[in-house]
Amino acid sequence: MYPINNIEGIEKQEAQFENKHVVILLFVKPSDIGADEYINKINYLHYRSKEYCSIYLVGYSQCFNSDEYKDVQKVRGVDNEEWEYSDKCFSEVCYKLKERLKHWNYSGEPEMIILQNNTSVKRGSSLDFSNYNYIDVNYGIRKQYIDSFSRFMENLIDACQKEVTSYKAIHLANRRKMKPRNVIEFALEECPKLPIPIKKVLKDSLFYKSCRDKAA
């Protein structure tokens, strides 16, 4: 769990890692309904995710430039460190992502973008947006696709471990790319009260979108 407040900073952070893993961009504002459930999990998710996925909180920083960001509010981060959040920064990141992801629009509620890192320096960016996937968390809870944010994150991290382990086992044989969609499917399979089959869940464009889908 990292409080890095711009895409360039995330790319710089990911460039330090050599192993393939899943990257999760988590969008949650302190003003969102139920935001405490998300923010109170920062420390736990940091240690739970280990090397299987990197989780980045959009709009958060360990220390903002007070001249540039005058709207900061304090939150409790990893190891009881004081982190800061800015609506201005959050909005800036959304605009920059929209420029890179033409099929993505921020929903206004807690959501996540799931992608993978890129360990090939020759290919430029350390983030691979070529097969990103998007989940609207609160919508999924209302539709009972997801039990709760906490349970879904447990399943999602377990799914990241499965996908990373699978990738390590066979990528030398067939050069298979990691698939963020697999991670989502693994996580949804663990939902005990899924009201409809997973294939139908993933056709609900208000809940799930991939890089191939058009923005709403």
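Against the conditions (1) at pLDDT 75 or above; (2) among the charged types (D, E, K, R); (3) part of a loop (DSSP other than H, G, I, E, B), ASP128 satisfies every one except (3). The residues on offer are TYR56, TYR52, and the sole one that is open to solvent by less than 10 Å² (accessible area, probe 1.4 Å) and in contact (Cβ under 8 Å) with a residue 24 or more places away in the chain is TYR56.
Residues that are within 16 Å of GLN116 (Cα to Cα) and part of a loop (DSSP other than H, G, I, E, B) within the range 14-49 comprise ALA15, GLN16, PHE17, GLU18, ASN19, LYS20, HIS21, listed in sequence order. For TRP83, the stated conditions hold: it is closer than 25 Å to PHE152 by Cα and touching a Ser or Thr at 6+ places or on another chain (Cβ under 8 Å). For first residues located in the range 80-101 and touching a residue at least 40 places away in the same chain (Cβ under 8 Å), partners that are open to solvent by less than 70 Å² (accessible area, probe 1.4 Å) and in a helix (DSSP H, G or I) and lie 6+ apart or on another chain with Cβ distances below 8 Å form the pairs TRP83/ILE42; VAL93/ILE7; LYS96/ILE7; LEU97/ILE7; ARG100/ILE7. Could you check, for the range 25-33, whether at least one of its residues is of a type in the set (S, T, N, Q) and in contact with a strand residue (DSSP E or B) (Cβ under 8 Å, 6 or more places away or on another chain)? For the range 25-33, residues of a type in the set (S, T, N, Q) and in contact with a strand residue (DSSP E or B) (Cβ under 8 Å, 6 or more places away or on another chain): absent. Return the residue satisfying two criteria in turn: it lies in the range 176-203 and is open to solvent by less than 30 Å² (accessible area, probe 1.4 Å) and out of contact with any Asp or Glu (no Cβ under 7 Å at 6 or more places or on another chain), and of such residues it is modelled with the highest pLDDT. Checking each candidate, the answer is VAL201. Looking for whichever is closer than 21 Å to VAL137 by Cβ and of a type in the set (Lys, Arg) here; the options are LYS41, LYS88, LYS50. Which one fits? Selected residue: LYS41, the only one of LYS41, LYS88, LYS50 that is closer than 21 Å to VAL137 by Cβ and of a type in the set (Lys, Arg). All conditions but one from (1) open to solvent by less than 70 Å² (accessible area, probe 1.4 Å); (2) part of a helix (DSSP H, G or I); (3) of a type outside the set (S, T, N, Q); (4) farther than 20 Å from GLU11 by Cβ apply to LEU97; the one that does not is (4). Taking GLU109, is it closer than 24 Å to GLY140 by Cα, assigned to a loop (DSSP other than H, G, I, E, B) and among the charged types (D, E, K, R)? Answer is yes for this residue.
Can you pull out the residues in the range 50-77 that are under 19 Å from PRO30 (Cα atoms) and part of a strand (DSSP E or B)? Once the filter is applied, which keeps residues that are under 19 Å from PRO30 (Cα atoms) and part of a strand (DSSP E or B), the range 50-77 yields ILE55, TYR56, LEU57, TYR60, SER61, GLN73, LYS74, VAL75, ARG76.
The values are calculated or read from the model by the stated rules, or taken from the named source; none is laboratory data. None of the values given here were measured: they were computed from a predicted structure. In this analysis, Cβ positions are derived from the backbone assuming ideal geometry, glycine residues included, and neighbour counts consider all displayed protein chains. Heads up: the accessible areas ignore ligands, DNA and RNA and are worked out on the full protein's heavy atoms, side chains in. Shrake-Rupley method; radii C 1.70, N 1.55, O 1.52, S 1.80 Å.
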